[in-house]
Amino acid sequence: KRVVAAAAAILIFSGALYFWQFNHSDKNLVKSENKSSIYKIDIPPPKDSKPILTLSDGSIINLDSSGKGTLAVQGGIIIARKADGEIFYSGKATDVISYNTLSLPKGNKPMRLSLSDGSIVWLNAASSITFPTAFAGNERKVTITGEAYFEVAKNTAMPFFVCHNDILIKVLGTHFNVNSYYDEQAVKITLLEGAVNVTNGEKIEILRPGQQAEFSKETIKLNNDVNLDQVMAWKNEQFYFDRVDIKTMMRQIEKYYNVEIEYRDNINYKFIAKISRQVNVSEFLKKLELTELVHFKIEANKIIIMK
């Protein structure tokens, strides 16, 4: 019977590393020595968040770790940044509602945004959100690209909408994650708490906690068996992959470390891996090399992937 190494799992206990290689009929626990090559070039993790805030008049504020306190005032709304990096909106709006866009480029730690209604948004690297400085009327609506986690303040009289292209998420008060990166095969909305209605054209799905709606082209797939720890790992400063192919893993590495990825061989395995995001990229790559299913080389700002 042909044996196929379909996955390699990495678990770390007290400095020792173990992995599983799965075949069709069984799984064997194997202990491995660290035979990884020494990386002469390394890439550290991002130290902080340096978002770009575009105001309604088109002016741009580039924020670094020193950008604290009041950033701008628009229509009676104060835009400020706390010492921990969170951006928040406060005050009473005038009749004119202004729209801002907050963008977080590649190579940044996730950041937190507090909207004027008290809703909290966590923004991942290579993502953006466009929103009003204050909400008015009978709805609250924002638009996103990339990945964001929402904790929406409850207001039954003013439902909250999240838009991405033709996908519309309607909530009253709930916690959910949206992964809408352009280089992923599907847009995934994962509900952690409450309930949401997700529509795409005439297709509608109502999500319950622990469910995920997956939009791919014109189809909607509802997933009930979702690893919420994996979905929320980015917000919790971790990399967590559960039976994931190498290209899916490297797309996260590319955005977080702001590196280029080059494939010199096809790696047809799936991996299970969990490690802190606070490590140099070489530490993550060395853990994967212990499976002896994949090897890496760092050249300048490029990670080369080989068998």
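The values are calculated or read from the model by the stated rules, or taken from the named source; none is laboratory data. For clarity, every value in this text was computed on a predicted model and none was experimentally measured. So basically every Cβ, Gly included, is an ideal-geometry build from the backbone, and we count neighbours across all protein chains shown. Side chains included, ligands, DNA and RNA excluded: accessible areas come from the protein's heavy atoms. Shrake-Rupley method; radii C 1.70, N 1.55, O 1.52, S 1.80 Å.
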Taking I129, is it more than 26 Å from the chain's Cα centre (by Cα) and not small (G, A, S)?
no
Which of the residues that make up the range 198-215 are under 21 Å from the mean Cα position of the chain (by Cα), within 21 Å of T145 (Cβ to Cβ) and among the polar types (S, T, N, Q)?
Q212
Can you confirm whether E139 is in contact with a Pro (Cβ under 7 Å, 6 or more places away or on another chain) and without any contact (Cβ under 8 Å) to a residue 40 or more places away in the chain?
yes
Determine whether the range 221-241 contains at least one residue that is hydroxyl-bearing (S, T, Y) and either modelled with pLDDT under 95 or assigned to a helix (DSSP H, G or I) (or both).
no
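Take I97 and tell me if it is modelled with pLDDT under 90 and part of a strand (DSSP E or B). Give the derivation first.
Numbers: modelled with pLDDT under 90: yes; part of a strand (DSSP E or B): no.
No.
Take the range 181-199 and flag every residue that is among the polar types (S, T, N, Q) and open to solvent by 30 Å² or more (accessible area, probe 1.4 Å).
Of everything in the range 181-199, those that are among the polar types (S, T, N, Q) and open to solvent by 30 Å² or more (accessible area, probe 1.4 Å) turn out to be Q185, N197, T199.
Please tell me if S103 is open to solvent by 10 Å² or more (accessible area, probe 1.4 Å), assigned to a strand (DSSP E or B) and either farther than 15 Å from G69 by Cα or among the β-branched types (V, I, T) (or both).
Details: open to solvent by 10 Å² or more (accessible area, probe 1.4 Å): yes; assigned to a strand (DSSP E or B): yes; either farther than 15 Å from G69 by Cα or among the β-branched types (V, I, T) (or both): yes.
So S103 fits the description; yes.
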(1) touching a residue at least 24 places away in the same chain (Cβ under 8 Å); (2) farther than 22 Å from G146 by Cβ; (3) outside any loop (DSSP other than H, G, I, E, B); (4) out of contact with any Lys or Arg (no Cβ under 8 Å at 6 or more places or on another chain) all hold for I272 apart from (4)
If I ask for residues that are over 21 Å from K235 (Cβ atoms) and either surrounded by 15 or more Cβ atoms within 10 Å (Cβ to Cβ) or among the aromatic types (F, W, Y) (or both), which ones from the range 135-157 would you list?
F135, R140, K141, N155
Just name the residue that is most open to solvent (accessible area, probe 1.4 Å) out of those in the range 117-131 that are in contact with a Ser or Thr (Cβ under 9 Å, 6 or more places away or on another chain) and within 16 Å of V162 (Cβ to Cβ).
T130
Scan the range 132-157 residue by residue and report those that are of a type in the set (V, I, T) and either over 21 Å from the mean Cα position of the chain (by Cα) or farther than 15 Å from L172 by Cα (or both).
T133, T143, I144, T145, T156
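Would it be correct to say that F284 is among the aromatic types (F, W, Y) and under 21 Å from S180 (Cβ atoms)?
Working: among the aromatic types (F, W, Y): yes; under 21 Å from S180 (Cβ atoms): no.
No, not satisfied.
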Please give the number of the condition P132 fails out of (1) in contact with a Phe, Trp or Tyr (Cβ under 6 Å, 6 or more places away or on another chain); (2) closer than 30 Å to Q238 by Cβ.
(2)
Condition test on F160, is it over 18 Å from the mean Cα position of the chain (by Cα), crowded, with 22+ Cβ neighbours inside 10 Å and not basic (K, R)?
yes
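Looking at the range 204-218, which of its residues are outside any loop (DSSP other than H, G, I, E, B) and either among the acidic types (D, E) or open to solvent by less than 90 Å² (accessible area, probe 1.4 Å) (or both)? Before the answer, list the steps.
Start the filter on the range 204-218 by keeping residues that are outside any loop (DSSP other than H, G, I, E, B), which leaves 204-207, 212-216.
Once the filter is applied, which keeps residues that are outside any loop (DSSP other than H, G, I, E, B) and either among the acidic types (D, E) or open to solvent by less than 90 Å² (accessible area, probe 1.4 Å) (or both), the range 204-218 yields E205, I206, L207, Q212, A213, E214, F215, S216.
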Give the number of residues within the range 281-292 that are touching a residue at least 12 places away in the same chain (Cβ under 8 Å) and either of a type in the set (D, E, K, R) or touching a helix residue (DSSP H, G or I) at 6+ places or on another chain (Cβ under 9 Å) (or both).
8
Assuming I272 fulfils every condition listed in (1) modelled with pLDDT under 95; (2) under 23 Å from E237 (Cα atoms); (3) surrounded by fewer than 18 Cβ atoms within 10 Å (Cβ to Cβ) apart from one, which condition is it?
(3)
